[in-house]
Amino acid sequence: MKKIVAGITAAALVGAGVISSPTSAAADAAPGDIIITLGEDLSDEERETVLSEMDDGGEQDPIVEVTNEEEHEYLGEFIPAGQIGNNAISSSQITIAEAGSGIDVETNRINYVTEGMYANALVTAGVEDAEIYVTAPFEVSGTGALTGIIKAYEIETDIEIPEDQKRIANEELVQTGELSENHGTEEATELMARIKEAIAEEDVETEEDLRDLIERIADELGITLTDEEMDGLVSLFERMQNMDIDWDQVQNQIGQIRDNIDDWMSSDEAQGFVQSVLDFFSELIDTVRGWFEGSGDSDQALK
């Protein structure tokens, strides 16, 4: 099970993830309210497995089923049908958080989509102030989970998210995943974040302006984009620019992510994690040294 600072960080460290937002997520949902999504194709035993991981086992919380057809509806434009699969398995628990607390993502047995990828896509979709736990009864990619999370959020908060916003959030998730395969997860997530920051700060009026902006930021990060990757990013962010997105607020959210990373890095939890990593490598070095020393003693005995 893992939990990571959602979004932007230069260090590959596991910790607590929060994307803060200055406004309330919902007027019709109270902090602490929970809604659960279950993949429709889970067996009874698998349902019990994922529900047992969630608060109260889901016994008193409303449950929404997500179908494979719904997953294909939102992802089918961006990835091959075979990659989506024929079964809806990914499940999630969405807990409404206090206003301004942001998005907190945790995953279990999700081996492709990272917490940061979920969080960034959810911000694009307009989701805010929620604790989100994504899981499955066995290792899955997690690409279909975003559909269920957004569906449950709409139901719980009584907030309708525009269809184009849902689709572009799914597209962002897919593109970030594809970039991660070629350039690394941290680099791909940072690239997406910096592009959003730059759009908020700079006068980007034409496609050429946007293309130059993306190329400049990629160069700063040491990323060499293929023509196909560049065209995909230009298309994605052009359509984002044409949507009703508050770019100033996006910039503020990204700044708060970075602040949260700094806060986490100075926390006892982070220091304990770093120390555990150092202890692990220290023990590993001692073990390897012991092997060589033992080998040396054996060599001496044979002489």
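The values are calculated or read from the model by the stated rules, or taken from the named source; none is laboratory data. Computed from a prediction, not measured in an experiment: that's the story for all the values here. Every residue, glycine as well, gets a Cβ built from its backbone with ideal geometry; the counts of neighbours run over all protein chains shown. For the accessible areas, the whole protein counts, side chains as well, though only heavy atoms, and no ligand, DNA or RNA atoms are used. Shrake-Rupley method; radii C 1.70, N 1.55, O 1.52, S 1.80 Å.
Tell me yes or no: at least one residue of segment 99-112 is more than 25 Å from residue 189 (Cβ to Cβ) and basic (Lys, Arg). Within segment 99-112 (the criterion being more than 25 Å from residue 189 (Cβ to Cβ) and basic (Lys, Arg)), the answer is no, since none of the residues qualifies.
Scanning segment 198-210 for residues that are assigned to a helix (DSSP H, G or I) and more than 9 Å from residue 247 (Cβ to Cβ) yields a total of 5. For segment 82-109, a residue qualifies if it is small (Gly, Ala, Ser) and either open to solvent by 60 Å² or more (accessible area, probe 1.4 Å) or within 27 Å of residue 29 (Cβ to Cβ) (or both), and the qualifying residues are 82, 88, 90, 91, 92, 97, 99, 100, 101, 102. Condition first: open to solvent by 10 Å² or more (accessible area, probe 1.4 Å), touching a residue at least 40 places away in the same chain (Cβ under 8 Å) and closer than 25 Å to residue 46 by Cβ. Now tell me which residues in segment 110-137 satisfy that. Within segment 110-137, 112, 114, 133, 137 qualify.
Yes/no per residue for (1) more than 16 Å from residue 119 (Cα to Cα); (2) open to solvent by 30 Å² or more (accessible area, probe 1.4 Å):
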residue	(1), (2)
143	no, no
148	no, no
151	no, yes
163	yes, yes
170	no, no
173	no, no
176	no, no
180	no, no
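Counted as qualifying within segment 25-103 are the strands (runs of 3 or more DSSP E) with 1 or more residues that are of a type in the set (Asp, Glu) and modelled with pLDDT of 90 or more, namely 63-66. For the residues 112, 118, 133, the requirement of being in a helix (DSSP H, G or I) and of a type in the set (Ser, Thr, Tyr) singles out 118.
The criterion of being touching a helix residue (DSSP H, G or I) at 6+ places or on another chain (Cβ under 8 Å) and not in a loop (DSSP other than H, G, I, E, B) holds for residue 188.
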